[in-house]
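What follows is calculated from the coordinates using simple rules that are stated; it is not laboratory data. The structure presented is a predicted model; accordingly, all values stated were derived computationally and were not measured. We place every Cβ from the backbone using ideal geometry, glycine too, and count neighbours over all the protein chains shown.
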Amino acid sequence: MVPKERIESFDVFKGLSQGEVEEIGRLSEEVVFHDGDRVLSEGERAEYFFLLEEGSIDLRFELPFRETSKEMTISTLKPGECFSWSAIVSPYEATLSCYSSGNSKAIRIRGDVILGLCEKNNHMGFIFMRNLATIIRDRLRKQRAQFIKEVGDSLRFKW
């Protein structure tokens with residue numbers, strides 16, 4: 001169980017009632033990751049949705065026949081951000097790998113539990129999914145900008 005004050009500080013839960021936030025807190029638990037821990041592997045089933053409280057998480061893509069490294073990091077998440085939205089969106093498979101960069105502390109909630117709450121309480125479901133869609137949109141914009149920069153550099157330097 002995680003106190004509601006810690007849950008309500010995350011943007012993904014903004015707009016929920018105190019009771020809704022308390023319910024989410026009752027179904028949440030704390031987890032700790034150490035430097036280099038792989039939290040989630042690209043392509044594997046995502047069971048948990050995470051809220052990062054301390055430390056940072058690198059989102060990386062994996063290349064076949066090559067060890068992952070910091071150079072494969074697409075984005076680094078900071079406290080206050082969430083990750084592993086794949087636990088809530090079908091087909092429930094991670095789209096990127098997640099690695100702890102340093103020691104990190106997070107709150108995790110089973111994806112199927114969140115979906116059950118959303119189905120039971122349409123208000124909660126609407127607010128949560130709207131907030132999550134905004135977070136995903138912002139992350140995609142950031143990745144697109146990074147991609148455009150890389151393509152531009154490649155064309156400019158004829159790599």
Distribution output for region 92-159: share of Cα-Cα pairs per 10 Å bin in percent, first bin at 0, values 15, 29, 31, 16, 8, 1
Between the Cα axis of helix 122-157 and the main Cα principal axis of the chain, the angle (0 to 90°, nearest 10) is 10
Helix 111-120 sits off the longest principal axis of the Cα atoms of the chain, rounded to the nearest 10 on a 0 to 90 degree scale, by 50
Placing +1 on each Lys and Arg Cβ and -1 on each Asp and Glu Cβ in the chain, then taking the dipole about the Cα centre, the residue among Ala94, Met124, Ala145 whose Cα reaches farthest towards the positive end is Ala145
Once Lys and Arg are counted +1 and Asp and Glu -1 for all other residues with Cβ under 13 Å from that of Arg45, the total becomes -4
Lys and Arg at +1, Asp and Glu at -1: neighbours of Ile24 with Cβ under 10 Å from its Cβ sum to -2
Rg from C-alpha atoms of the chain, normalised by the globular rule of thumb 2.2 N^0.38 Å, equals 1.10
Number of Lys pairs in region 4-157 closer than 27 Å at Cα, excluding neighbours under 8 places apart unless interchain, is 16
